[in-house]
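Working notes, structure below.
The values are calculated or read from the model by the stated rules, or taken from the named source; none is laboratory data. In this text the structure is predicted, and so the values were computed from the model without any measurement. Glycine gets a Cβ as well: all are built from the backbone with ideal geometry, and neighbour counts include every protein chain shown.
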Amino acid sequence: MTDEDRELDALWRERFGEPLPILGAADIVRAVLARSDPPPAAEAA
């Protein structure tokens, strides 16, 4: 896994709560992340 794949995996897990399904396809992954809704904001305690 490249450093870029690791970075994208962390972003994907943060956004979707699951591991990155595609390795080596940074352009596709970045496009999906850019089009997805931002993750829900944490509720104030």
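Could you tell me which residue of segment 25-45 is modelled with the lowest pLDDT, considering only residues that are part of a loop (DSSP other than H, G, I, E, B) and within 18 Å of GLU7 (Cα to Cα)? If we take residues in segment 25-45 being part of a loop (DSSP other than H, G, I, E, B) and within 18 Å of GLU7 (Cα to Cα), then PRO39 is modelled with the lowest pLDDT.
Number of residues in segment 8-24 that are assigned to a helix (DSSP H, G or I) and surrounded by 13 or more Cβ atoms within 10 Å (Cβ to Cβ): the value is 6.
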